[in-house]
């Protein structure tokens, strides 16, 4: 399958063509990106990941337990990350170490780069993280699961909420209580001030002005409630989006007042210098579904600063695995102008993919239990980038000097979030999130379907995420633990047995060597399912393609099994069966 994405902000309209490859089970196994880079993955069963590859280089290989949970991953930089789970299916430990030849999960103490241990209370809430790089992190919650306190090396944070779960300033609340005034409430869920920052909104509930330490930031929104412009005393930024609401470009420019007496060359040099100091420029974004696949910064007036970064994720999730950087802007195709008739040979959609350009640097993500990046490790197995976070996502970054020269950096924050340094906000697919106040700056596009508080991010950011900016999900939900099937979840050992409840056609009859059999067709994929009459090798289901050719056996959970298949039952003989449509 091929798709093309259009870019119109560079003068000449450009096209990015994506090519997706699928296996016989209709599972995607590879994608060729617009510049020719091919991301492929190896899975088993019904989508359990075994390996990820970029072009001809293996990025990561995985080992899983009997519940298909990840217990080890070997990265392309020869670092081994192991994970342990407790009896309740919760992540209890992560260890990153140099690869050893011992059994998986056993690493010599001297080879370890980091260890993270997680501890939970009796109600299952995460209360402590013991991190060898960040020290002890501790959390305390109220009876309904909202975060009240967070302790880390960045300090002791306390939080308070109004009855609608809006974050309110604890200092103001204490002062109100001291003066015996009513509890502070955010009327209409609009936060007017928090921790020294003041906010103003338009009639649709979008943030329009923000004051902090006497400095004003102004926000402009379009009719679809998408942020299109930001400006403060330092710079201005313009944003564009595609028809699906995904951000396609960001153009930032530093404010500079030209000096007439200095001359055009001096003014130009100062303007470029000012833009570089504030990291301004023009950036394009490319999307694979709802995940940011690449960003490309265009060179400035002096030809400096061009860079393309590719992001690779765990399939079906928003958890990053690796990034690849090239010190050039991405090359897209010109969009042809057709005259009186369409010419297929000029359509970029049908052109062969270009050869993949060389990569200048690779880095691997080390994420915590939430899927939030904690470190990036480079090709030399060293930590190139790391961050310490305040509870609601404000990051304090540390970049190794050599890594800065290699252009290794990370704007990814909580799952699905991209940090904009110009505004301090995180672009969160459908909305923008403010980590300073722990909430979104516009209403939920899906209204009350996302929760009764249309600005709330989550009850707490330690156990919840919101990759799309629409509705919160519990920890682990953004990771594809086992199967895409609705009742599968490797975090729950008590997961239910697979049932085929939705089908559009039924065929039944006597099958030689099997007996009476019934086949039902999945209306989505067109696959045929039949209960296994023999149960040999713990098989519960037989799965066939749309033409009735056997594909795989499946267990009671609907997960495909690796089994040898005899000639019996390799094909469905539709002519000998009675078939009827089912609504």
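Worth pointing out:
- Qualifying residue in segment 476-490 (condition: over 35 Å from the mean Cα position of the chain (by Cα) and at pLDDT below 75): no
Rundown of residues vs (1) in a loop (DSSP other than H, G, I, E, B); (2) touching a strand residue (DSSP E or B) at 6+ places or on another chain (Cβ under 9 Å); (3) on the phi > 0 side of the Ramachandran plot, yes/no style:
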| residue | (1), (2), (3) |
| --- | --- |
| 315 | yes, yes, no |
| 324 | no, yes, no |
| 329 | yes, yes, no |
| 345 | no, no, no |
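- Some residue of segment 65-79 being closer than 30 Å to residue 378 by Cα, free of Cβ contacts under 8 Å to residues at least 12 places away in the same chain and assigned to a strand (DSSP E or B): no
- Restricting segment 64-83 to residues that are loosely packed, with under 15 Cβ neighbours inside 10 Å and touching a strand residue (DSSP E or B) at 6+ places or on another chain (Cβ under 8 Å), the residue that is nearest to residue 119 (Cα to Cα): 65
- Sole exception among (1) within 30 Å of residue 251 (Cβ to Cβ); (2) in a strand (DSSP E or B) for residue 36, by number: (2)
- Residues in segment 9-24 that are closer than 19 Å to residue 338 by Cα and touching a residue at least 40 places away in the same chain (Cβ under 8 Å) were compared, and the one that is surrounded by the most Cβ atoms within 10 Å (Cβ to Cβ) is 16.
- Residues located in segment 200-221, provided they are surrounded by 13 or more Cβ atoms within 10 Å (Cβ to Cβ) and free of Cβ contacts under 8 Å to residues at least 60 places away in the same chain: 200, 201, 202, 208, 209, 210, 211, 212, 216, 218, 220
- Filter pass, residue 236 being in contact with a strand residue (DSSP E or B) (Cβ under 6 Å, 6 or more places away or on another chain), under 28 Å from residue 407 (Cβ atoms), free of Cβ contacts under 8 Å to residues at least 24 places away in the same chain and in a strand (DSSP E or B): yes
- Test: residue in segment 536-551 that is in contact with a helix residue (DSSP H, G or I) (Cβ under 7 Å, 6 or more places away or on another chain) and either at pLDDT 85 or above or not in a strand (DSSP E or B) (or both): yes
- Test for residue 140: is it without any contact (Cβ under 8 Å) to a residue 24 or more places away in the chain, surrounded by fewer than 17 Cβ atoms within 10 Å (Cβ to Cβ) and touching a strand residue (DSSP E or B) at 6+ places or on another chain (Cβ under 8 Å): yes
- Taken over segment 435-474, the criterion of being assigned to a strand (DSSP E or B) and in contact (Cβ under 8 Å) with a residue 24 or more places away in the chain is satisfied by 439, 440, 456, 465.
- Residue count for segment 331-343 satisfying the condition of being touching a strand residue (DSSP E or B) at 6+ places or on another chain (Cβ under 6 Å) and not in a loop (DSSP other than H, G, I, E, B): 1.
- Every residue from segment 169-191 that is over 18 Å from residue 451 (Cβ atoms), surrounded by 14 or more Cβ atoms within 10 Å (Cβ to Cβ) and out of contact with any helix residue (DSSP H, G or I) (no Cβ under 7 Å at 6 or more places or on another chain): 169, 170, 172, 173, 176
- Residue selected from segment 222-265 under the condition over 26 Å from the mean Cα position of the chain (by Cα) and under 25 Å from residue 444 (Cα atoms), by the criterion surrounded by the fewest Cβ atoms within 10 Å (Cβ to Cβ): 223
- If you go through segment 306-320 and keep only what is over 15 Å from residue 417 (Cα atoms) and modelled with pLDDT of 95 or more, you end up with 306, 307, 308, 309, 310.
- Looking only at residues of segment 17-33 that are in a strand (DSSP E or B) and within 14 Å of residue 289 (Cβ to Cβ), we find that the one that is modelled with the lowest pLDDT is 28.
The values are calculated or read from the model by the stated rules, or taken from the named source; none is laboratory data. Everything numeric in this text was worked out from a predicted model, so none of it was measured. Here Cβ is always computed from backbone atoms with ideal geometry, including for glycine, and neighbour counts include all displayed protein chains.
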